[in-house]
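The values are calculated or read from the model by the stated rules, or taken from the named source; none is laboratory data. Given the structure is predicted, the values throughout are model-derived calculations rather than measurements. Backbone-built Cβ (ideal geometry, glycine too); neighbour counts: all protein chains shown.
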Amino acid sequence: MHDSAAPTHIAIFIYDDAEVLDFAGPFEVFATANRMAERLGMLSPFKTFLIGKTLGPVTARGGFRVMPSYAIDDHPSVDVLIVPGGLHEPQMARDDLREWIHKTHETSIVTTSVCTGAFILADAGVLDGRKVITHHEDREILQKEFPWCEVIDDNRKRFIDDGSVVTSAGVSAGIDMSLHLVERFGDKKLAKMTAENMAYEDCEL
């Protein structure tokens, strides 16, 4: 961990009918990691923000309304992009979103997905030739629709780190993935402190 370095920019894309925990879980992980870093006398290692297609309100699953801080055409630099799952099909029909994800992937350090967010990444060409995972009910569909990626059908896997792409399984697995990213961009001590503070006992740390 380099506490004097600029914070890692974590951008979470949100859209209508996204799964709430898919984006709120990762957001909480990085917010908690910042608090734990302060306890260690360090600067906040992460700057996390929500990006929408526009600056308008987004209504996630169950009527959960949230406001993005930025839009896809105007936002800070992105080091890590997180794409949640949910009702992903309408997002795959948008050329502007597809182009933005592909471009952001090319300039970021890591592009990630939670649950069926993998479909959005695959549609943008991000998962070509990659080992990936998604929700167990959707793995066969993902493999059929995007045969050029290798979908791992293993319920023991919560996430798969394939270098510049990290994908995670269903819903709560996004928390595991985010804790992994805290360790990857920070260190294991900070990741463990974060998991313990969140009373999250299922993480693979």
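A few remarks follow.
- Residue among ALA33, ALA37 that is surrounded by 16 or more Cβ atoms within 10 Å (Cβ to Cβ), within 17 Å of the chain's Cα centre (by Cα) and not in a strand (DSSP E or B): ALA33
- For the range 155-174, the tally of residues that are crowded, with 19+ Cβ neighbours inside 10 Å and farther than 19 Å from ILE109 by Cα stands at 5.
- For ARG94, the conditions (1) surrounded by fewer than 20 Cβ atoms within 10 Å (Cβ to Cβ); (2) at pLDDT 95 or above all hold with the exception of (2).
- Checklist (1) in contact with a strand residue (DSSP E or B) (Cβ under 8 Å, 6 or more places away or on another chain); (2) surrounded by fewer than 20 Cβ atoms within 10 Å (Cβ to Cβ); (3) of a type in the set (A, V, I, L, M, F, W, C) applied to TRP148, failing item: (1)
- Per the listing HIS136, HIS102, the residue uniquely over 27 Å from LYS53 (Cα atoms) and surrounded by fewer than 16 Cβ atoms within 10 Å (Cβ to Cβ) is HIS136.
Okay, residues lined up against (1) among the polar types (S, T, N, Q); (2) without any contact (Cβ under 8 Å) to a residue 60 or more places away in the chain; (3) surrounded by fewer than 20 Cβ atoms within 10 Å (Cβ to Cβ):
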residue: ILE10; (1), (2), (3): no, no, no
residue: ALA18; (1), (2), (3): no, no, no
residue: ILE51; (1), (2), (3): no, yes, no
residue: PRO57; (1), (2), (3): no, yes, yes
